[in-house]
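Throughout, read-outs are computed from the coordinates displayed, never taken from laboratory work. Note that the coordinates shown come from a computational prediction; the quantities given were computed from them, not determined experimentally. No Cβ is skipped: glycine too gets one built from the backbone with ideal geometry, and neighbour counts run over all protein chains shown.
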Amino acid sequence: MRYLLFFIVFFALPHASWIPVKLGVEPENIPLGLVNIVLLLATLLWLLGRIEGGKIENPFKIYSFFTVLVILWVGVAVITGYNEDIRLTLTSAKGEISLLLLYFVPLAIIKNEKQFIIFFAIALTVHAVIGLEVLRSGVLDGVNFNDAKRGSGPFAQDMWGADIAGSFLAQFMMFFLAILVTSKMKSLYRVAAAIGLMILFGGLMATYARGAMLACVGGAVLLFIARGLHPKYFIVPLIFLVLALPYLPESVQNRFNKITNEYGDFDQSTQGRFYYYSNALELIMAHPLGVGTGQVRGAMEQKTGKFVDPHNGYLYTAVEYGVAGLAIFLLLQWRLFTFARKVYQNIEYPLIYRVYSLGMIGMLGVFVLCNLFYANFYKELVLGTITIHFGMLAYVVGKIPEKMNISGKSCHPPN
């Protein structure tokens, strides 16, 4: 029952816009709304886990603090009033808070290593399916770049979901990579991971999301560094990457070539980002305490005339929760990274937990870089999936026996 509910929740979160289209149903005709139905199922899943007992205490108290901040800043939003309709603010805030609370589901439902493996396998399966959907919706074979042909998969019915899809795939590709590079994993698992990695990579190429592609490289480098590889091992992959660039689909090459024109001017997409960044910085200067939960797009609309986010997750956080909120957000990521690294380095810890932590290290590297180009963390179709993964890492860290060494001192990672 728990595994089925987890699959439904994990699959439906990024498919919340896709499912009504496939069913031929208008989203507004679904009672309660699909996302709310999914959240109710997640609540049921959490309750089942709590009834069974054995709940793991949350090791990342900073996450709870950040969630409380989001809740309290609804009051700030009411005061600033950038959204003319208070219902819009409350609806946006409710969605963000509910998705953040999904972090606590893994802490309640996972009871042992065997169950963790099953939940992890379900997550990887869903990621591979999404990668295939994005790949199928994109155009990879020798066409000239055209925004209308970018793959969005389940995130939109047109090109506007491409950046979301690219960041999504780049982040979760790291878990497949972590399995693939760990020789102590069973050969069957590594073969399956290689297949999944190729699917997600193909999907990433189909999005033409430049920021996500660059972030993917950065996350992979961080993963290999955490694994303890000597710098000389980067030489061969780097040479391979340079030699492979001319053989990338023409459309992908054109996407990078068009960053600047013959006069050295940035393309419209890049110029637009700089414009949004400058306006977001002005909002931060005007509201150092933040404009309040659910207010960012309303505030940006008053500045730019467009109902948009700042296209940067860190500027988004600072606009919404102020400079102090940004500091808490950054500290949360640092805590997640340092503990993922400590778990991976501990040779006494179960291999699957260490491999998951290695994947999380790479995922966090991609997460940071992607959120410099997009506000992907705050996308409704993405936030719940990310917080569930954070919760799975919290379970792993919470299971560390006190007698084990998690100081991060010299330990040998698996080959």
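Under 18 Å from a point 7 Å along the Cα-to-Cβ line of Lys94: which residues of segment 35-52 have their amide N that close?
Zone members listed by number: 35-44.
What order do you get for 195-203, 357-365 when each peptide is scored by the mean count of other beta carbon atoms within 10 Å, highest first?
Per-residue mean Cβ counts within 10 Å order the peptides as 357-365, 195-203.
Which whole-angstrom value gives the distance between the alpha carbon centres of segment 296-337 and segment 340-362?
30
What is the Cα centroid distance between segment 8-22 and segment 116-131, reported in whole angstrom?
Measuring centre to centre over Cα atoms gives 15 Å.
Does segment 2-398 come out rounded, prolate or oblate by the C-alpha gyration tensor, with a ≥ b ≥ c the root eigenvalues, rounded set by a/c under 1.5 and, if not, prolate when a/b is larger than b/c and oblate if not?
Here segment 2-398 falls in the rounded category.
So if we plug the beta-carbon distance of Phe307 and Glu113 into 1/(1 + (r/R0)^6) with R0 = 35 Å, what FRET efficiency do we get, rounded to 0.05?
Computed FRET efficiency for Phe307 and Glu113: 0.15.
Over all directions, average the projected area of the Cα convex hull of segment 319-396 and note it in nm².
Working: hull surface 21.4 nm².
Seen from a random direction, the Cα hull of segment 319-396 projects 5.4 nm² on average.
Taking H placed 1.01 Å from N in the peptide plane, check which residues at least 5 places from Asn83 or on another chain put their amide H under 5 Å from its amide H.
Amide H neighbours of Asn83: none.
Of Lys94/Lys306; Lys306/Lys379; Lys184/Lys379; Lys61/Lys306; Lys55/Lys184; Lys186/Lys342, which sit over 26 Å apart, Cα to Cα?
Lys184/Lys379; Lys61/Lys306; Lys55/Lys184
Amide H neighbours of His15 under 5 Å, counting only residues 5+ apart in sequence or on other chains, H built in-plane at 1.01 Å?
When sequence neighbours closer than 5 places are left aside, there are no close amide H contacts.
For a protection proxy built on the mean count of beta-carbon atoms within 10 angstrom, sort 384-395, 182-193, 56-67, 331-342 highest first, please. Intermediate results must be reported in sequence, preceding the final value.
On the way: 384-395: 23.8, 182-193: 14.3, 56-67: 15.9, 331-342: 17.8.
Those peptides, ordered most packed to least, come out 384-395, 331-342, 56-67, 182-193.
Under the Karplus relation 6.51 cos²θ - 1.76 cosθ + 1.60, θ = phi - 60°, what is the ordered set of whole-Hz ³J(HN,Hα) values for segment 158-172, x standing for Gly and Pro?
Computed from phi, the couplings for segment 158-172 are 8, 5, 5, x, 5, 5, 4, 5, x, 5, 4, 5, 4, 5, 8 Hz.
Of Tyr378, Tyr316, how do they rank once you tally other Cβ atoms within 10 Å and put the fewest first? Walk me through the numbers on the way to the answer.
Details: Tyr378 21, Tyr316 24.
Taking fewest neighbouring Cβ atoms as first place, the list is Tyr378, Tyr316.
Between segment 29-82 and segment 199-217, what is the C-alpha centre distance in whole Å?
30
Could you grab the relative contact order for segment 2-398? Cα pairs under 8 Å, six or more apart, rounded to a whole percent.
Normalised by residue count, the contact order of segment 2-398 is 25 percent.
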